[in-house]
Each structure stands twice: as C-alpha cells, then as structure tokens.
Amino acid sequence: MIKEVRGLGLLIGIEFNSDDLIGKAAYDFIGSLVVGELFNRFHIVTAYTLNNPTVVRFEPALNIEIEKLDYVVDSLDQVLKANKSNWKLLGSTVRNFISR
C-alpha cells in the first residue's frame, strides 16, 4: 500500500498507492482512512496533506520520547497489516464509525 516515504528527520510523509479497483473517488480519501484508523484504534493524532490526500504527515515534537516513536511505527504497521488493501481499510473505517 505504501508508494513512497519521504522527509528529513522527524518530519515524514508517507504516500499511499491505490488499488486498481478502488476508483478515483475513494483513492482521494486514502490518507484520511489511514489517519482515522490510527486515531480510532491507537489514539494517534496525525493528518493527511491537503494538496495530496494520499500523503499522511508525521510531525512529532522535537523532544518526543523514542518509546512513543516506536508506538507510532508499530501502530502504523498493525493498521497496514490488518488492511492489506484500500477496500479493507475503507471497511474497517466504516465499521469503526458505525460502532460508535
């Protein structure tokens, strides 16, 4: 699902690929789906970029503890492993929304 990781230091952007079947409309929301899963399941606050909604930004504080960085990386890994396609990610987001 990951197309590219870019950035310097702690400021990182992760760009996501699209599935051939997902369609343009849903692809434009892939960043918000990942951000939603990180927030709903792991209480991690991050954002997707407004000029490219397929990119998620990670902008931690300069004095962040290494354990918290590990938690974010592990959480992102769990989200991507559990949702190996954009369709699964969309379904998981919908289930989280309905269960509230």
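The values are calculated or read from the model by the stated rules, or taken from the named source; none is laboratory data. On a predicted model such as this, the values are computed, not experimentally measured, just so you know. All Cβ positions, glycine included, derive from the backbone under ideal geometry; neighbour counts span all protein chains shown.
Within this structure, Phe29 fails the test of being at pLDDT 90 or above and among the aromatic types (Phe, Trp, Tyr). Hey, any hits in region 80-98 for a residue that's in a helix (DSSP H, G or I), without any contact (Cβ under 8 Å) to a residue 60 or more places away in the chain and within 17 Å of Leu11 (Cα to Cα)? No, the conditions are met nowhere in region 80-98.
Taking Asn40, is it modelled with pLDDT under 95, loosely packed, with under 11 Cβ neighbours inside 10 Å and not small (Gly, Ala, Ser)?
Details: modelled with pLDDT under 95: yes; loosely packed, with under 11 Cβ neighbours inside 10 Å: no; not small (Gly, Ala, Ser): yes.
Criteria not met by Asn40.
The numbered conditions (1) more than 20 Å from Val5 (Cα to Cα); (2) modelled with pLDDT of 90 or more are all true for Thr46 except (1).
For residues that are at pLDDT 80 or above and among the small types (Gly, Ala, Ser), tally how many sit in region 70-95. Outline the logic, then answer.
As a first pass, look at region 70-95 and keep what is at pLDDT 80 or above: 70-82.
Retained after the next criterion (residues that are among the small types (Gly, Ala, Ser)): 75, 82.
Adding up the residues that qualify gives 2.
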